[in-house]
Amino acid sequence: MIELLFSQYKDYSKLFIFLELTAVLFGIISVLFARKNNILVYPTGLVSTLIFVYILLEWKLFGDFIINIYYSIMSVLGWYLWTRKKNGADEFPISVMNRKDYLISSLIFTITLLFVALVYQFFDKFTDWTAYVDTLTTALFFVGMWLMAKRKIENWIIWVIADIISVPLYFYKGLTFSSMQFLLFTIIAILGYLEWKRLLQKQI
């Protein structure tokens with residue numbers, strides 16, 4: 001079983017393995033902070049996403065490469081939005097999506113899907129099923145990150161769906177540690193939804 005899970009790493013450099021493990025560790029820490037509605041989700045997340053930018057470029061997973069560039073930008077934006085106060089209270093507290101949020105989310109999903117598809121087409125990389133799955137997860141993650149920056153509770157539902165899809169994708173591509181990370185992310189996202197639901201009920 002161990003051979004099956006980690007045989008991919010026998011040809012990897014120690015630096016590459018160290019970078020992936022570091023990115024995974026900070027990614028997990030970041031999601032745990034997100035579950036607790038703690039602003040430290042963003043600086044810890046930045047460490048993870050910036051490392052994954054390099055790793056995913058090396059593996060030519062262009063969709064997830066774009067995701068992590070976007071994550072890095074949205075982490076800065078989310079960090080800023082979460083610090084804003086209005087009359088002594090958070091300007092963007094935990095809330096549910098309204099009609100405008102659904103419209104914007106739909107636009108983000110559609111535009112991202114088309115953009116990533118064009119990137120794959122341009123580089124002639126639609127040669128494996130992973131390219132199509134990567135395109136889908138990229139669009140989902142874009143929506144999830146935007147909703148998290150706005151503190152919309154539905155962000156956790158998007159994360160659960162995208163994380164589940166990412167587990168076999170990353171394992172197939174030989175990134176076992178990252179695959180295990182997404183499995184853990186799925187569990188944390190479910191717990192995060194329940195935690196935010198509890199916090200939202202306290203606000204009402």
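For the stretch 85-122, taking the residues that are aromatic (Phe, Trp, Tyr) and at pLDDT 95 or above, the one that is nearest to GLU195 (Cα to Cα) is identified as TYR102. Residues that are in a loop (DSSP other than H, G, I, E, B), among the aromatic types (Phe, Trp, Tyr) and in contact with a Lys or Arg (Cβ under 9 Å, 6 or more places away or on another chain) within the stretch 111-155 comprise just one, PHE123.
Taking every residue in the stretch 11-31 that is under 12 Å from TYR42 (Cα atoms) and pairing it with any residue that is surrounded by 17 or more Cβ atoms within 10 Å (Cβ to Cβ) and among the β-branched types (Val, Ile, Thr), at least 6 positions away or on another chain, the pairs with Cβ-Cβ distances below 6 Å are PHE26/THR44; PHE26/VAL47; ILE29/THR44; SER30/VAL41; SER30/THR44; VAL31/ILE188. Going by the structure shown, is ILE158 over 25 Å from THR22 (Cβ atoms), at pLDDT 95 or above, within 15 Å of the chain's Cα centre (by Cα) and buried (at least 19 other Cβ atoms within 10 Å of the Cβ)? So ILE158 passes the test.
If only residues of the stretch 29-76 that are of a type in the set (Ser, Thr, Tyr) and modelled with pLDDT under 90 are counted, the one that is farthest from the chain's Cα centre (by Cα) is TYR54.
Reported count of residues in the stretch 32-78, each being surrounded by fewer than 24 Cβ atoms within 10 Å (Cβ to Cβ), in a helix (DSSP H, G or I), among the hydrophobic types (A, V, I, L, M, F, W, C) and touching a residue at least 24 places away in the same chain (Cβ under 8 Å), is 11. For the stretch 177-196, residues that are over 19 Å from LEU25 (Cβ atoms) and either loosely packed, with under 14 Cβ neighbours inside 10 Å or free of Cβ contacts under 8 Å to residues at least 40 places away in the same chain (or both) total 2. Restricting attention to the stretch 79-120, the residues being of a type in the set (Val, Ile, Thr), touching a residue at least 60 places away in the same chain (Cβ under 8 Å) and surrounded by 12 or more Cβ atoms within 10 Å (Cβ to Cβ) number 1.
The values are calculated or read from the model by the stated rules, or taken from the named source; none is laboratory data. Remember, predicted model here, so these are calculated numbers, not experimental data. We place every Cβ from the backbone using ideal geometry, glycine too, and count neighbours over all the protein chains shown.
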